[in-house]
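In what follows, a single structure is set out as structure tokens and then discussed.
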Amino acid sequence: MDRPITNDLVNSFTNPVLSSLAVGVGTGVLGIAYGGVAGTILSTPNPVLYPTYSGVQWLCAGTTFFYCRSVLLADPKTRQHPLQVVAASGLSGFGAGAVAGAFLRRAAVIPGGIILGALAATSQAALNVNGGSFDLNFNDIPLRLQRGMANLMPMQSLSDEQYEELLNSKLLNIEAQISLLDDQIADIREASKQQKSSRKSDS
């Protein structure tokens, strides 16, 4: 009797591997697309590295979420209890958020896990209430949770004043570089004139 139970336990961990990787590849493609757009907007110095990094981040997060959720809901009896399904989605979201947060410079593992875990649990609860049709408005999410989600994203939304200040700072930087180039060109011309005059005096 113990061997079938052991086999079922092993299968619950091994069966979701390929399907989880397939989901991870899909989320990774979305991450590459997001990284390409964000990298263009942010004018990253390496246009290839940023989308690749974002794609790997999304691939790992998507794979983690789907795998953890599949393992936790491997027992058909568990899927019959809405509260356990919500808990499984929340724990899976925590794992995915922790993985995604590990890719950030601040290593926001715990905040990322808490935010995405809460979002996954809330989404699953809304899905259960609506009888299988997901209809969750982002505006219904608490403001503090929205801000936490925004902090996890590599790209941050700016107000009109912040955007204007950013453009002005970039413009000043460009003007400073142009002025520096003008000075260098003037120095080169002056050096060229001195060389020509010295050649004439020598001749």
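Per-residue 3J(HN,Hα) values for the range 88-99, derived from phi via the Karplus relation 6.51 cos²θ - 1.76 cosθ + 1.60 with θ = phi - 60°, read 5, 5, x, 5, 5, x, 4, x, 5, x, 5, 5 Hz in sequence order (x marks Gly and Pro). Roughly speaking, what is the stretch gain from Thr14 to Glu175, that is 0.36 nm per residue apart minus the C-alpha to C-alpha distance, in nm to one decimal? Contour length minus the Cα-Cα distance gives 52.0 nm. For the range 37-43, putting each phi into the Karplus relation 6.51 cos²θ - 1.76 cosθ + 1.60 with θ = phi - 60° gives couplings of 5, 5, x, 5, 5, 7, 6 Hz, in residue order, rounded to whole numbers and with x for Gly and Pro.
Name the long-range amide H neighbours of Ala108: under 5 Å, sequence gap of 5 or more, or other chain; modelled H, no Pro or chain starts. Sorted by chain and number, the residues that satisfy this come to none at all.
Read the figures in this text as sums done on the coordinates, not as results from a lab. Small disclaimer: the values here were computed from a predicted structure and weren't measured.
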